[in-house]
Amino acid sequence: MPAPLVLLGPQAPHANLPAALHAALAAAAPPAHRARGQVLVITAGWRHAEADDTYVRAEIHPAGESLPFYRAFDRVVAVAPELTGAYRAAQQRIRRLKALYRMRLGPALQVVRRLLPRLAEAPDLVGPDLEAALQAVRDIDRQFLERSDAEHRAFDETWRPLEHPEVARIRARAAQWLAEARGLVLGGGHVGVLRNRLAFFDLGPLVREAHADGMTVAGWSAGAMVLSSRIVLFHDDPPHGSGDPELFDRGLGLFDGMVLFPHAPQRLRLDDALRVAALAGRFRPERSIGLDSGAVLSLEDGVWAARGHEGATLELCRDGVVRALPLGPLPPSPCEPFAGGGDDASDP
């Protein structure tokens, strides 16, 4: 039986991680070498406030053990300044790529938003143009990820960070923990920091292997996003910037078929049908899933199920409607094609 995989929304105001984790561990049938193992917790997304063992055991699980990858990277900085300097230079190149990506992305999304309200007037005329416009956005997303992948590969091939003694020591220790653990929890916080710390130590293959070997995995908010195949940054009304959802990077790849939007009611204009339709249409065939506080999505025997609070797990649909998913096994997507209507264009 596959090990459980649990995705949760924000933990405020409804802190449901301990109960959801307990239920997942109780339902699991781990192999003998994991049955008495610890529950590992990674909170690198909290940065300098990274959780210690005392907090983990009191607030998350009594058998919890913190894996401090934020501080682990700081140790590498102290002993390998040339390596980490090159890493930061590579990250700066990726930031420049992202600036170029945004220059192309914004105008392409505006075309989608201008076409959507015209669809109802003449679907046979507008429909093909709308799909072509959405495909143009998907192509921009794909090209950015491919170029980002190339930058990551170039750094790895030139500097071989996993061969540095300190990096190798930290990763080997993590591999030992993961080989025996009952569970792994990824905390929320800064999704970019969390993802980049885990990627620097190449934790993805280790986590996927451990999960396939029977280790229960859970993540909330940013942690849930990092477990996915692709991480999307989003905020319709940010304090600065355009507000266009954008690809950040690849996640650990424990699941696909869904793009996650924690804090969706707070960070997305869910009452703006044009923005919702553009977002959901862009990421098809993946389902766009919002996780509010109290939401739990659990992969049970290969089937996703909505648990937690009624109405906390949402699906953003290409017809511009946001639908609360019922508790229980996840049904096929209820989404319909966009029917049109509304103003000429949504605000950017």
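We did not get these values from a lab; they are worked out from the coordinates using the rules stated. Predicted, not measured: the structure shown is a model, and the values here were computed from it. As a convention, Cβ positions derive from the backbone with ideal geometry for all residues, glycine included, and neighbour counts pool all protein chains shown.
Just to confirm a number: summing +1 for Lys and Arg and -1 for Asp and Glu over residues other than SER333 whose beta-carbon lies under 14 angstrom from that of SER333, what do you get? With Lys, Arg at +1 and Asp, Glu at -1, the neighbours total 0.
Each part reduced to its alpha carbon centroid, the stretch 270-331 and the stretch 17-40 end up 26 Å apart. In order along the stretch 158-164, the phi-based Karplus estimate (6.51 cos²θ - 1.76 cosθ + 1.60, θ = phi - 60°) of 3J(HN,Hα) comes to 7, 9, 6, x, 5, 8, 5 Hz; Gly and Pro are listed as x. First select every other residue whose beta carbon is under 14 angstrom from the beta carbon of HIS190; then total the charges, Lys and Arg +1, Asp and Glu -1. Summing Lys/Arg as +1 and Asp/Glu as -1 gives +1.
Model label sites at ARG323 and ALA78, defined 7 Å from Cα along the beta-carbon direction, differ in position by 5.4 nm. Proximity of backbone amide H atoms, modeled 1.01 Å from N, is registered between PHE261 and ILE289, GLY290, LEU291 at under 5 Å, excluding neighbours fewer than 5 places apart on the same chain. Among the listed options (i) -0.31, -0.40, -1.16; (ii) -0.39, -0.50, -1.09; (iii) -0.44, -0.53, -1.01, the one matching log10 I(q)/I(0) by the Debye sum over Cα atoms at q = 0.07, 0.08, 0.14 Å⁻¹ as calculated from these coordinates is (i).
Got the relative contact order for the stretch 195-254 handy, in percent, Cα pairs under 8 Å and 6 or more residues apart? Write out the running numbers ahead of the final one.
Working: 65 pairs, mean separation 21.1, N = 60.
35 percent.
Less than 11 Å Cβ to Cβ from SER229, Lys/Arg counted +1 and Asp/Glu -1: what total charge do the surrounding residues give? Overall, the nearby charge balance is -1. Close amide-amide hydrogen proximity is noted between ARG230 and GLY251, each under 5 Å apart and 5 or more residues distant or on a separate chain (H modeled in the peptide plane; Pro and chain starts excluded). Per-residue 3J(HN,Hα) values for the stretch 8-22, derived from phi via the Karplus relation 6.51 cos²θ - 1.76 cosθ + 1.60 with θ = phi - 60°, read 10, x, x, 8, 10, x, 9, 7, 9, 4, x, 5, 5, 5, 4 Hz in sequence order (x marks Gly and Pro).
Karplus-derived 3J(HN,Hα) values for the stretch 223-237, using 6.51 cos²θ - 1.76 cosθ + 1.60 with θ = phi - 60°, are x, 5, 4, 5, 6, 7, 7, 9, 9, 10, 8, 7, 5, 5, 10 Hz; glycine and proline are entered as x. Less than 5 angstrom separates the built amide H of VAL185 from those of LEU40, VAL41, ILE42, ALA218, all sequence-distant by 5 or more or on a different chain.
Using a simple spin-label model with pseudo-atoms 7 Å out from Cα toward Cβ, GLU310 and ARG160 lie 6.0 nm apart. Across the chain, the relative contact order, built from alpha-carbon pairs under 8 Å that are at least six residues apart, equals 24 percent.
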